[in-house]
Amino acid sequence: MDGSTDWPPPQEKECVAVATLNLPRLQLHAAISHQVDLEFLGLGLGSVFLNSLKQKVVTLASSADVLSTVQSASQAMLQSGWSMLLPTAEKQARALCSPVLRSFRQ
């Protein structure tokens, strides 16, 4: 879904990608609403899973070569899980600046 192969992807793949992003979005929303501890979810500071999730979602949300439906689902996930995915101002700034810096290097 990153534009490197099979472009445009079949609608089935697009739907799977959007559903795959919507499920953790809903889970993050529920965790935030019920004040569930990040450690309990395996999303504690330095978690490999959390770092990987953040990186992928930010990339999908900010890349120009991503389907608009996938990009919107990624942006919605960031919006819902902002306080868990990017809890500090420093992390927010880094996540938002990285795609911009990458676009200048290309």
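Only residues that are open to solvent by 60 Å² or more (accessible area, probe 1.4 Å) and among the small types (G, A, S) were counted in the stretch 6-43, giving 1. Of all residues in the stretch 71-106, which are open to solvent by less than 40 Å² (accessible area, probe 1.4 Å), in a helix (DSSP H, G or I) and at pLDDT 65 or above? Once the filter is applied, which keeps residues that are open to solvent by less than 40 Å² (accessible area, probe 1.4 Å), in a helix (DSSP H, G or I) and at pLDDT 65 or above, the stretch 71-106 yields A73, S74, A76, M77, L78, S80, G81, M84, L85.
Filtering the stretch 63-70 for residues that are touching an Asp or Glu at 6+ places or on another chain (Cβ under 9 Å), at pLDDT 90 or above, assigned to a helix (DSSP H, G or I) and open to solvent by 40 Å² or more (accessible area, probe 1.4 Å) leaves a non-empty set. The set of residues from the stretch 12-26 being over 13 Å from M84 (Cα atoms) and either in a loop (DSSP other than H, G, I, E, B) or of a type outside the set (A, V, I, L, M) (or both) comprises E12, K13, E14, C15, T20, N22.
Considering every residue within the stretch 15-26, establish whether at least one is under 11 Å from the mean Cα position of the chain (by Cα) and either among the hydrophobic types (A, V, I, L, M, F, W, C) or modelled with pLDDT under 85 (or both). Within the stretch 15-26, one or more residues are under 11 Å from the mean Cα position of the chain (by Cα) and either among the hydrophobic types (A, V, I, L, M, F, W, C) or modelled with pLDDT under 85 (or both). The set of residues in the stretch 27-62 being part of a helix (DSSP H, G or I) and free of Cβ contacts under 8 Å to residues at least 24 places away in the same chain consists of Q27, A30, S33, V48, F49, N51, S52, Q55, K56, A61. The residue of the stretch 44-62 that is modelled with the lowest pLDDT, among those that are open to solvent by less than 50 Å² (accessible area, probe 1.4 Å) and of a type in the set (G, A, S), is G44.
The values are calculated or read from the model by the stated rules, or taken from the named source; none is laboratory data. It should be emphasised that the depicted structure is a prediction, and the values quoted were computed from it without experimental measurement. Glycine gets a Cβ as well: all are built from the backbone with ideal geometry, and neighbour counts include every protein chain shown. With ligands, DNA and RNA removed, areas are computed over all heavy atoms of the protein, side chains included. Shrake-Rupley method; radii C 1.70, N 1.55, O 1.52, S 1.80 Å.
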